[in-house]
Amino acid sequence: MESGWLDAVAAAFPAFDFDPGEIPMNINDKAPDFTLQDENGKEIALKDLRGKTIVLYFYPRADTPGCTIEACEFRDTYKKMQKSGAVLLGISPDTPKAQKKFQDKFSLPFTLLADADKKVAEAFGVMKEKNMYGKKVWGVARTTFVIGPDGKIQHIFEKVKPEGHAEEVLAYLKESAKGAA
């Protein structure tokens, strides 16, 4: 890609003034409100989940190797996560149909949200330039946000590695529950 790509992105998204190396969301920022379709085509609005702790994890694409590892680890820790009171939501730039196929194939017990136009990924600042097989591409950077019951961001996991991430999130939830007690 030529060096003018960043100018093109900035022109296309004038409301998002940020360094592409930085996530524009910070701890204690209000999480951007959104409504997306889940894997069954049902609309899920973030504002309807107020009062609960939300684990919102962005992944690049359903049913790809890294995303499958991450999703299956979240599946395997899901009961423990539920015990913490957290609501787990996966989100990627896939269609509801692709999310449903991914969910069924790997028996994922949590909601997957379809952000096909990438508007929510943009709002959370997780669209990044990535290196894919030596080529620069623009895509979703694997990132997880913990959103508190007040709708504010409590924690951000950046540059997530799929292996072990679910346990890392679970450890954070347990630790923050101790702090709140």
Highest-MSF residue in the chain out of ILE147, ILE27, ILE156 [GNM, Cα springs under 10 Å]: ILE27
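Can you pick out the pairs among LYS42/LYS83; LYS128/LYS161; LYS80/LYS174; LYS47/LYS83 whose Cα atoms lie more than 18 Å from each other? Present the calculation step by step, with values, prior to reporting the outcome.
Working: LYS42/LYS83 25 Å; LYS128/LYS161 16 Å; LYS80/LYS174 10 Å; LYS47/LYS83 22 Å.
From the list (LYS42/LYS83; LYS128/LYS161; LYS80/LYS174; LYS47/LYS83), the Cα-Cα distance tops 18 Å for LYS42/LYS83; LYS47/LYS83.
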Candidate values (1) 25.9, 96; (2) 16.0, 52; (3) 14.9, 42, label of the one derived for Rg and Dmax of the Cα atoms in Å: (2)
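Taking K and R as +1 and D and E as -1, what net charge do the other residues with C-beta under 15 Å from the C-beta of GLU175 add up to?
On the way: positive: LYS80, LYS83, LYS174, LYS178; negative: GLU167, GLU168.
Charge balance in the 15 Å sphere: +2.
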Among the listed pairs LYS100/LYS178; LYS97/LYS152; LYS79/LYS118, those beyond 32 Å (Cα-Cα): LYS100/LYS178
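For the chain, what % of the accessible area comes from carbon and sulfur atoms, probe 1.4 Å? Before the final figure, lay out the partial values.
Details: 5100 of 9770 Å².
Reported share for carbon and sulfur atoms: 52 percent.
Hey, what did region 55-181 get for relative contact order, percent, Cα under 8 Å, at least 6 apart?
With pairs under 8 Å counted, the relative contact order is 30 percent.
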In region 57-140, chymotrypsin sites (Phe, Trp or Tyr not before Pro) in a DSSP loop with at most 10 other beta-carbon atoms within 10 Å: TYR133
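Of the listed peptides 160-172, 36-48, what is their order by residue-averaged count of other C-beta atoms within 10 Å, with the highest listed first?
Values: 160-172: 17.1, 36-48: 15.2.
Going from most to least packed, we get 160-172, 36-48.
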Antiparallel bridge percentage (DSSP; both residues within the chain; nearest 5): 70 percent
Over the chain: helical MRE at 222 nm, DSSP H runs n ≥ 4 each giving -39500 (n - 2.57), nearest 500: -10000 deg cm²/dmol
Sequence of ARG75, ARG50, ARG61 from largest to smallest accessible area, 1.4 Å probe: ARG61, ARG50, ARG75
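The values are calculated or read from the model by the stated rules, or taken from the named source; none is laboratory data. On a predicted model such as this, the values are computed, not experimentally measured, just so you know. Note that we place each Cβ from the backbone using ideal geometry, even for glycine, and neighbour counts take in every protein chain shown. Note: areas computed on protein heavy atoms with side chains; ligands, DNA, RNA excluded. Shrake-Rupley method; radii C 1.70, N 1.55, O 1.52, S 1.80 Å.
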